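Just below is one structure, and these are the notes that go with it.
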Amino acid sequence: MALQKNNSVSKKDSTMNMARIILIFLLIPAMLGMAQRPSIEEGGKLRVVTSIPDLADFTARIGGGYVTVESLAKGVEDPHGVPIKPSFVPKLNRADALVVLGLQAEHSWLPALIDVARNPNILPGGVGFINSSQNIRPKQVPKSLLRREGDVHPLGNPHFNLDPVYAKVMAKNIAEGLTRLYPPGKEFFDTNLKNFQAHIDTQLAKWKRLAEPLRGKKFVSYHQDTIYFAERFGLEEVAQIEIRPGIEPTQGHLVWLVDRMKGKQVNLILREPHYPERLPNWVAEQTGSTVAKFLIMVGGNPGVDTYEQLIEYNLRSILDAAGTKTVAHRPDS
Ligand SMILES: [Zn+2]
């Protein structure tokens, strides 16, 4: 009996040992891959993860061949509530850098992921943590902290990416972050930054001309994400469908909104792609307004793959809705 038992145990042991050996063999290529990850000099790249696609666009342009970059959020999602996928964790775990929008825009989904990813480099204050909101002066800062009531802009409006002047600041923050990670690349990153900033300056002059017919145009949006764009291009933000950022409207708020729009003769509503059409359409019916799609991130519409396309899309969408002719603008002028 005892002998039989011993035999069966040793059989079981040897099966388990075999399983272990197979598992180790299976892991070896992955382990070798980790050990043999080439240095940047050998053609390896910095792995950069960004929260939103605009940051991925900027990073790719500053980092060039030194980086691979991927955004966690898609352009059609809500940057305050990105649906979390299991694939995010290994991406963050392997990342050399994480670029965030900042001002706690990603508070409801990103910090928990960073915790789980166990990668000290990308923790706030870590060498690979890049905060794009450095040197941004936030607008619409709440007078008191309303997070407990669900306010998603506790440190002020974080949609500064929609101001091309701030796009230049964000790109500078990224260039500095990449230089911190790879100091020999400083000259390369700085040159790309200068080129990007010069390019944005040229575009901005064109965009301002394109936006001229919109000067003083009043509008309502769903979410409080338009102020930087509006002030840069001379439009006037009047109110939002949301009561406060992240707080859905009540009947009373909608009555107030319709009244205010009529009083101020507002006939334009901007709808961000991640909000349903029903409420903007209802408000439009009540006030005789036109609804224009307004993208808050790169990738918010098919064909909007770069930052320039994002700004251009929004201006043309508003010009169309406002019934303004755009023939004065020539793409090459
Ligand atoms: Zn927001």
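Given +1 at the Cβ of Lys and Arg, -1 at the Cβ of Asp and Glu and no other charges, the dipole of region 103-240 around its Cα centre is 280 debye to the nearest 20.
Pull out a ≥ b ≥ c, the square roots of the eigenvalues of the alpha-carbon gyration tensor of region 206-333, then state rounded if a/c is under 1.5, prolate if not and a/b is larger than b/c, and oblate in the remaining case. Spell out each step's value before the answer.
Numbers: a/c = 2.11, a/b = 1.54, b/c = 1.37.
The shape class here is prolate.
Highest mean first, the peptides 79-90, 219-230, 105-116, 264-275 sorted by other C-beta atoms within 10 Å per residue fall in the order 219-230, 264-275, 105-116, 79-90. Going down the table (45/172; 45/293; 208/262; 143/168; 172/208; 194/293), which pairs top 30 Å between alpha carbons? As for pairs spanning more than 30 Å Cα to Cα, those are 45/293; 194/293.
Here region 82-157 is treated with +1 on each Lys and Arg Cβ and -1 on each Asp and Glu Cβ, and its dipole about the Cα centre works out to around 80 debye. Expressed per residue, the C-alpha convex hull volume of region 84-129 stands at 65 Å³. For region 210-281 versus region 96-170, the spacing of their alpha-carbon centroids is 24 Å.
How would region 167-240 be classified by its alpha-carbon gyration tensor: rounded, prolate or oblate, with rounded meaning a/c under 1.5 and the a/b versus b/c comparison settling the rest? Because a/c hits 1.5 or more and a/b fails to exceed b/c, region 167-240 counts as oblate.
Eigenvalues of the alpha-carbon gyration tensor of region 42-206, scaled by 5 and square-rooted, set the equivalent ellipsoid semi-axes at 25, 21, 13 angstrom, largest first.
First check a/c for region 137-262, with a ≥ b ≥ c the square roots of the eigenvalues of its C-alpha gyration tensor; if it is under 1.5, answer rounded, and if not, answer prolate when a/b is larger than b/c or oblate otherwise. If you can, show how the numbers build up before the last one.
Values: a/c = 4.42, a/b = 1.63, b/c = 2.71.
Oblate is the answer for region 137-262, as a/c is 1.5 or above yet b/c matches or exceeds a/b.
Coordinate-derived values only; no laboratory data. Computed from a predicted structure; not experimentally measured. Glycine also receives a Cβ, built like all others from the backbone with ideal geometry; neighbour counts cover every protein chain displayed.
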